[in-house]
Amino acid sequence: MSVLEHNSPVIGTSRPTSARTDHASRVCYQVGGISFAMQAQPGMRLALDPGLADFAFKSPLCDLEFACGWTSNLTLPRSKPAFVSGGLWTAYRENNGTSLYFQTPRLGETPYKHCWLSDDLSHGRVSLLQRFFDPELPVYPLEYPLDELLMIHRLSRGDGVEIHSCGVVSRDGAGRLFVGHSGAGKSTASRLWLREPGIRVLSDDRIIVRMEQGGTVMYGTPWHGDAGLAEPSSASLQRIFLLEQAAKNEIVPLAPARGAAELFARTFVPHHHAEGVARTLQFLEKLTSIAPVSILRCTADARAIEEVLRAA
């Protein structure tokens, strides 16, 4: 099953999914302790992406509220873009907020979706170009990558960070973060850890980290990797490891400043928003002053797990 079953015009954004959610005029979900709501105009039916089923949330008021509706016309602004992703979306500054326009080569130059997000990151609206959607099917207006983009923008207020990483929770509830770019071995590490008794993996590709009551907390996300692991849970974050493939296992501690720089290179950041980038850096500096960061040079087998457990 792919997200294309949810009335999507986009090719290539499918992810492993679970059962379909109910259709409604209002749907909500929560990831990383931050809640998102979509309210449909009359005549539009909504449904969460099936991959968000475990993250479904009910509330009369969410942290981010989006009004969603159809439009018969969408055109790109004449102004210079604030950021061009090189993929599906382009960002512009419009009406005291940020506008995201979504295009795909399958549909030509015409945007199929527009999202406007307020500067205080509390609300917005999503418009879908009606002729590109099947009127018989419900829609998920925040379809990936928009849902993740909105999370990244919200976190950049200083609320936290989303990091390319897998999050492992031991039997006693202590969390370890294994950080790496695509291909660094996060999914492989996740599968290896799951062989250990009492281990949980919150995600094998993207983890949200936030500060709560003076401590650091890591959250699972629905945006998983090859191992398909996505758990709507959290754990106290104790240690952070930067994954490096090697012929032998070795743990090399890093100074907090070096650790913050390395994490920044593996963190999702709204690069077109200078203040958001600055706040992300400040958050990472605080994070690495609390949670130790080390390089984990490791083999792609159980010996790497043994090395981490010995260090603990």
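List of remarks:
- Measuring nothing but how far apart in sequence close Cα pairs (under 8 Å, 6+ apart) lie, relative to its length, the chain scores a relative contact order of 15 percent.
- Net lengthening on full extension, Met211/Glu275 (0.36 nm per residue, minus Cα-Cα): 21.1 nm
- Relative packing of peptides 45-52, 87-94 - highest average C-beta neighbours within 10 Å first: 45-52, 87-94
- The chain: DSSP helices with Cα axial extent of at least 18 Å and average Kyte-Doolittle hydropathy no lower than -1.0: 274-290
- Stretch gain in nm, segment Ser118-Ala265, where the contour uses 0.36 nm per residue and the Cα spacing is subtracted: 50.2 nm
- FRET E, pair Leu107, Phe83, Förster distance 22 Å, beta-carbon r, rounded to 0.05: 0.55
- Once the Cα-Cα distance is subtracted from the 0.36 nm per residue extended length, the Ile251 to Glu136 segment shows a gain of 35.9 nm.
- Ordering Ile152, Ala67, Pro222 by the projection of their Cα atoms onto the charge dipole of the chain, which places +1 on the Cβ of Lys and Arg and -1 on the Cβ of Asp and Glu, puts Ile152 at the extreme positive end.
- Taking every lysine pair in the chain that is 8 or more places apart or spans two chains, those with Cα atoms closer than 29 Å amount to 4.
- Paired Rg and Dmax values of segment 161-311, which use every Cα atom, in angstrom: 14.3, 44
- Using a simple spin-label model with pseudo-atoms 7 Å out from Cα toward Cβ, Asp54 and Gln282 lie 3.4 nm apart.
- Helix-only CD estimate at 222 nm, as mean residue ellipticity for the chain, using -39500 (n - 2.57) per DSSP H run (n ≥ 4): -5000 deg cm²/dmol
- Geometric descriptor of segment 3-155, per residue, is 115 Å³ (volume of the convex hull of the Cα atoms).
- Packing here is the average count of other Cβ atoms within 10 Å per residue, and on that basis the peptides 264-274, 160-170, 198-208, 243-253, highest first, run 160-170, 198-208, 264-274, 243-253.
- Mean separation of Cα contacts under 8 Å (6+ apart) over length of segment 135-263, as relative contact order %: 24
- Stokes-Einstein translational diffusion, segment 233-312 - Kirkwood Rh over all Cα pairs, 1.002 mPa s, 20 °C, in µm²/s: 155
Taken together, the values in this text are just the output of simple stated rules run on the coordinates, not laboratory data. These figures come from a predicted structure and were not determined experimentally. Note that we place each Cβ from the backbone using ideal geometry, even for glycine, and neighbour counts take in every protein chain shown.
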